[in-house]
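The values are calculated or read from the model by the stated rules, or taken from the named source; none is laboratory data. Note that the coordinates shown come from a computational prediction; the quantities given were computed from them, not determined experimentally. Heads up, the Cβs are rebuilt from the backbone with ideal geometry, glycines too, and the neighbour counts pull from every protein chain shown. What goes into the accessible areas is simple: the full protein's heavy atoms, side chains included, and nothing from ligands, DNA or RNA. Shrake-Rupley method; radii C 1.70, N 1.55, O 1.52, S 1.80 Å.
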Amino acid sequence: MKRPYYLFSNGRLKRRHNTLALERASGERAPDDAPEDEGLPSCPPDHPTDRVPFPVEAVESLYLFGEIDLNSKLVTFLGQHGIPAFFYDYYGHFTAALYPRESQLSGRLCVEQVRHYLRGPWRLFLARALVEASLFNIGRVIKYYVPRLSGAAQTAAELALEMMEREG
């Protein structure tokens, strides 16, 4: 199951054998607006074995609060897996985000959706079709549960189903 990952440690985030790994560094983090901050990468990892791996299949999104170094290969890897990364400054304020490119983005589809929206009769046709499909699915769910219910709940479900069929 995918879940968000919150990284508070300083270090370097890497792609490691088709997964993600954080190589921790123990350097003190200074505020982003500190006069002595030259914008250089954070200190090197403490030890190559001080690596925290986590499977890319389990990552929904990354929230980076520490001073994290990354490179373009990692950004490409995150994009291939549809993982957005959100960056926060020293004080915990949101500063930037990296969103992956939409995988199923079609310009032609977008244009056709806008055309349907702009034409009133087409828009009304689509709205009716969506409502009819919703009612059909609601009816199927009620029919599924009616035999599994008993007493007043079963009676209420049967009445709702009859009313839907009469009105629809």
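Which pairs have Cβ atoms under 8 Å, sit 6 or more apart or on different chains, and link a residue in region 143-164 that is under 26 Å from Val131 (Cβ atoms) to one that is among the charged types (D, E, K, R) and surrounded by 10 or more Cβ atoms within 10 Å (Cβ to Cβ)?
So the pair list comes out as Val146/Glu158; Leu161/Lys143.
Look at Tyr117 and say whether it is in contact with a Lys or Arg (Cβ under 7 Å, 6 or more places away or on another chain), aromatic (Phe, Trp, Tyr) and either at pLDDT 90 or above or open to solvent by 100 Å² or more (accessible area, probe 1.4 Å) (or both).
yes
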